[in-house]
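The values are calculated or read from the model by the stated rules, or taken from the named source; none is laboratory data. Predicted model only: the values in this text are computed from it and were never measured. Please note: Cβ atoms are built from the backbone with ideal geometry, for glycine as well, and neighbour counts cover all protein chains shown.
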Amino acid sequence: MAGTMSRIAASGLGVLLLFGAGGGIASPPVDFKAAQARDANIATLRRLLDQPEGQIDLARAKVAIDHMVDPTVDMDGTLRQVDQWVAKIRSRFPPGATNKAKADVLVSTLYEPGPWNDRRPFGYDYADPYGRDIRKSLLSTYLATRKGQCVVMPTFVALLGQKLGLPMTLTTVPYHLVVKYGDEEQGAWTNLDATSGLFHDDSGYEQALNISPVALKNEIFLRPYSQRESVALFAIAVLAPHYLKKGQPEEALQVLDLILAVNPKDTVAMTLKANAYGLLVDQRFRSKYPKADHIPVAEQAEFETYNSQIVAWRTKAEELGWREWTKADWDKYLKHFNNEKAKDQGGT
């Protein structure tokens with residue numbers, strides 16, 4: 001442990017958002033009112049995740065978690081808007097429509113300009129290439145701006161699908177969320193990419209995103225999520241990174257432990273746990289001791305524990321098939337992003 005302070009870098013990348021720690025090194029000052037609110041948030045999340053499978057209102061769960069991130073979110077107002085969109089979509093269903101026809105209507109109602117959306121279709125937000133702004137993943141923000149990215153766009157489609165009785169849920173691929181759709185004609189699951197409104201089979205994502213055979217075998221990607229796993233996904237998308245960005249790793253770890261209890265294969269949660277322990281190293285050691293051998297003997301065990309947790313959680317994610325994108329991967333993504341932005345005249 002002698003020499004320069006060691007800290008294993010922990011990537012917080014996940015589903016295209018950069019779920020980085022983002023907070024300062026120093027611990028934030030104690031705010032007892034805020035601490036009570038965080039405790040209440042953890043208790044609420046636990047209740048949401050403890051609901052019986054098949055009885056969860058995903059829209060209500062999503063808005064409740066968004067409210068934890070931003071207490072100004074109007075929960076009832078946001079849910080009313082969701083119900084209004086459900087009514088608009090349902091009113092456009094042709095008589096005797098199949099589920100596939102209904103899914104197509106859902107997509108066209110959101111993404112094709114017409115009287116059903118006041119000629120203001122939902123579209124992709126090109127202002128934030130790496131999805132760093134958590135507020136843009138809040139459902140209330142998306143409904144107000146009608147601009148979103150690969151977290152909130154598929155989430156909204158899945159919420160609408162549930163309320164319309166369609167066989168829809170969520171799944172993940174590297175750095176991206178996808179709507180999983182039970183295609184009655186094919187008798188199998190297919191994928192709806194909500195950022196484009198197009199359907200793709202699994203092989204398209206496997207090839208385009210270089211998903212390894214190990215990841216497929218361990219089902220960390222492209223597996224249809226249960227309702228409880230979807231609620232956990234809402235928390236991994238906004239609540240855990242929110243606490244990390246605010247420099248509150250203990251709260252983030254509580255959230256991540258609840259998520260992993262529901263979905264033990266959530267590799268994003270694993271990498272965020274590594275991030276949280278890295279932030280603890282920053283706050284409790286790097287901010288006070290420039291070198292590891294300056295750490296008092298009484299604190300060395302804690303320091304070693306945090307560093308071992310960083311390594312352990314990243315290793316577990318990698319063993320399941322998670323792979324951190326390289327600079328070349330990100331360059332390829334950014335090139336694609338800029339090409340799509342150039343094609344879309346509505347891009348900003």
Checklist entry - Name the helices (runs of 4 or more DSSP H) wholly within segment 226-300 that hold at least 2 residues that are over 24 Å from PRO174 (Cα atoms)? => result 249-262, 267-281
Checklist entry - Out of the residues in segment 58-76 that are in a helix (DSSP H, G or I) and without any contact (Cβ under 8 Å) to a residue 12 or more places away in the chain, which is surrounded by the most Cβ atoms within 10 Å (Cβ to Cβ)? => result HIS67
Item to check | LEU170 touching a residue at least 12 places away in the same chain (Cβ under 8 Å), buried (at least 18 other Cβ atoms within 10 Å of the Cβ) and not in a loop (DSSP other than H, G, I, E, B) | outcome: yes
Checklist entry - Say we look at segment 103-116 and pick out the residues that are more than 26 Å from the chain's Cα centre (by Cα) and part of a helix (DSSP H, G or I); which of these is surrounded by the fewest Cβ atoms within 10 Å (Cβ to Cβ)? => result PRO115
Next on the checklist: Could you check segment 125-151 and list, in sequence order, the residues that are under 22 Å from LEU198 (Cα atoms) and crowded, with 21+ Cβ neighbours inside 10 Å?
Outcome noted: ASP125, GLY131, SER137, LEU139, TYR142, GLY148, GLN149, CYS150, VAL151
Item to check | Looking only at segment 120-148, and only at residues there that are modelled with pLDDT of 95 or more and assigned to a loop (DSSP other than H, G, I, E, B), the one that is nearest to HIS242 (Cα to Cα) | outcome: LEU138
Item to check | Residues within segment 173-210 that are assigned to a loop (DSSP other than H, G, I, E, B) and either in contact (Cβ under 8 Å) with a residue 24 or more places away in the chain or not small (Gly, Ala, Ser) (or both), tallied | outcome: 11
Checklist outcome for this item: How many residues of segment 246-264 are buried (at least 19 other Cβ atoms within 10 Å of the Cβ) and charged (D, E, K, R)? The answer is 1
Checklist entry - Does segment 314-330 contain at least one residue that is under 30 Å from VAL63 (Cβ atoms) and surrounded by 13 or more Cβ atoms within 10 Å (Cβ to Cβ)? => result yes
